[in-house]
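**Student:** Sharing a structure with you now.
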Amino acid sequence: MPNSIITTSIFAKAAVRILENELVFARNVYRGLESEFDKRVNGYEVGDTVSIRKPTAFTYRSGNVASPQDIVEGKTSVTIDQQGGFDFQISSKDLTLNIGEIADRVIKPGMVVVANQIDMAVASLYKDIPNWVGTPGNVISSFDAFSKGPERLDLGAVPTDDRMAALSPSDHRSLRASQTALYMQDVAKSAYRKGRIGEIDDVETYKSQNVQTHTVGPLGGAPAVNGANQNVTYTAVKDSAGVPGGQTLITNGWTAAAAARVKKGDVFTIANVFDINPVTKAVLPHLKQFVVTADGASDAGGNLTLSISPAIITTGAFANVSAAPANGALLTFRGTANTGYAQNMIWNKNAFGLCVVPMVKPPGAVDVARESYKGLSVRVIPFYDGTNDWSTWRVDVLWGIKTLDPRLACRISG
């Protein structure tokens, strides 16, 4: 391509395509939220919010006599509160370079940084996910270890289409090494392009250095449920975090000293509280897992009120446990206190949402370009320094993320 003046429009078109190409986590989540933000011609500002309906559920009617059920929909929202990008200076001479040269030297390095930040933010949503299979601390070194993730989703009636997984480099290498005795020409030929291993157990599997590490809270003592009948109704929690909502759980038995005990993202089970299939309501062979949704500290008497998700619901269409926890039922946390574990994840794309919207064209900015591509949007604004004959360019992206349905995802250890 011959040299020509690189305009803001040309730059923005190249930038938004590079951004889409560099995403891993964020490329494989629900992107339909952008359609809710298509009303403003001049774009959006930090802090804009859109409401999202949570899915409803019904119980089975046996026989031919109608039994109408109310449609009960919860709601949540996603806030477009993340603005970021990169800035650079370029001389008028360099603006006459071939767009391919500018893309390699300037645009791609900058957009890689932006994509990395978005990917890490999506990966950090693991803290909303209660299901965690495998043994924390072990790497995924076999098909059987990996398949425990899809198995848990299957038992939870999660749709089998649009499933993705992201593994840490260590887990990725261990899983790949375990498959070397198998004849998989396509896997070898692709050389794991863009970190993509390929389809394993109906799951598109990727490697990502952005897989997060979760450090379990300090814990301490023998925590137990303090008081029976702490289950709730869906109506009471339908607009809180999670599906179906979240609640508080009163516990005691912690080490008798006022101190931090749990961290957001810690996972635990309760004795004799089993998971159930959300559709058939059949009791499953594993205990129900809950995630701590806020850091918590015990008081001097060893009492602690936990914020947890999902809410404990025993009846109706949103029932999700075999029984309410009994008074004194012991809590068992995943992992060892103060120890970090890689948070490999498998998810259906509807578990998480990413919304990237066009930004406002600020008053006074003479040359503003906005380009959208596959649901992503990039804004480019230059401003000129006539003394030194160079331009300072700023590249911005406005976005927000949200866990839409934590039931559709699972963390995986070896």
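**Student:** Leaving out ligands and nucleic acids, and using a 1.4 Å probe, what accessible area per residue does segment 202-307 come to in Å²?
**Tutor:** Roughly 40 Å² per residue, with all protein chains present.
**Student:** Between A326 and S372, what FRET efficiency follows from the Cβ-Cβ distance if R0 is 51 Å, with the result rounded to 0.05?
**Tutor:** That gives a FRET efficiency of 0.40.
**Student:** When the chain is fully extended, how far beyond the present Cα-Cα distance does D299 get from A259, taking 0.36 nm per residue of separation?
**Tutor:** Full extension of this stretch gives 13.7 nm more.
**Student:** Out of the total accessible area of segment 225-274 (probe 1.4 Å, heavy atoms of protein only), what percent is carbon and sulfur?
**Tutor:** Ligands and nucleic acids excluded, carbon and sulfur give 55 percent.
**Student:** Still on this structure, I have one more. What's the center-to-center distance, using Cα atoms, between segment 78-139 and segment 233-249 in Å?
**Tutor:** After rounding, the separation between the Cα centres reads 33 Å.
**Student:** Full-extension gain between H286 and N138, please, as 0.36 nm times their residue separation minus the C-alpha to C-alpha distance.
**Tutor:** 51.3 nm
**Student:** Count of lysine pairs in segment 267-414 with Cα atoms under 26 Å apart, counting only pairs 8 or more residues apart in sequence or on different chains?
**Tutor:** 8
**Student:** While we're here: For segment 330-414, what is Rg from Cα atoms divided by 2.2 N^0.38 Å, rounded to two decimals? Present the calculation step by step, with values, prior to reporting the outcome.
**Tutor:** On the way: Rg = 21.6 Å, N = 85, 2.2 N^0.38 = 11.9 Å.
Normalised Cα radius of gyration, segment 330-414: 1.82.
**Student:** With a/c under 1.5 counting as rounded, go ahead and sort segment 259-356 into rounded, prolate or oblate using the C-alpha gyration tensor (a ≥ b ≥ c being the square roots of the eigenvalues; past the cut-off, prolate if a/b is larger than b/c, else oblate).
**Tutor:** oblate
**Student:** Okay, next question. For a test of the definition: using alpha carbon positions, the gyration tensor, and the 1.5 limit on a/c, classify segment 193-303 as rounded, prolate or oblate.
**Tutor:** On the way: a/c = 2.25, a/b = 1.40, b/c = 1.60.
Cα axes put segment 193-303 in the oblate bin.
**Student:** Please report the relative contact order for segment 263-414, taking Cα pairs under 8 Å with a sequence separation of at least 6, and give it as a percent rounded to a whole number.
**Tutor:** Once divided by the residue count of segment 263-414, the mean separation gives 20 percent.
**Student:** Return the distance in nm (one decimal) between the two label points of a simple spin-label model at Q209 and N272, each offset 7 Å from Cα along Cα→Cβ.
**Tutor:** Result for the modelled spin labels: 5.0 nm.
**Student:** Continuing with the same structure: Which of the aspartates and glutamates could a cross-linker span from K238 if the Cα-Cα distance has to be under 18 Å and same-chain partners fewer than 8 positions apart are dropped?
**Tutor:** Within the straight-line limit of under 18 Å, K238 reaches these aspartates and glutamates: D70, E73, D128, D405.
The values are calculated or read from the model by the stated rules, or taken from the named source; none is laboratory data. This is a predicted model, so every value here is computed, not measured. All Cβ positions, even for glycine, are placed from backbone atoms using ideal geometry, and neighbour counts span all protein chains on display. Surface accessibility is based on the protein's heavy atoms, side chains included, excluding ligands, DNA and RNA. Shrake-Rupley method; radii C 1.70, N 1.55, O 1.52, S 1.80 Å.
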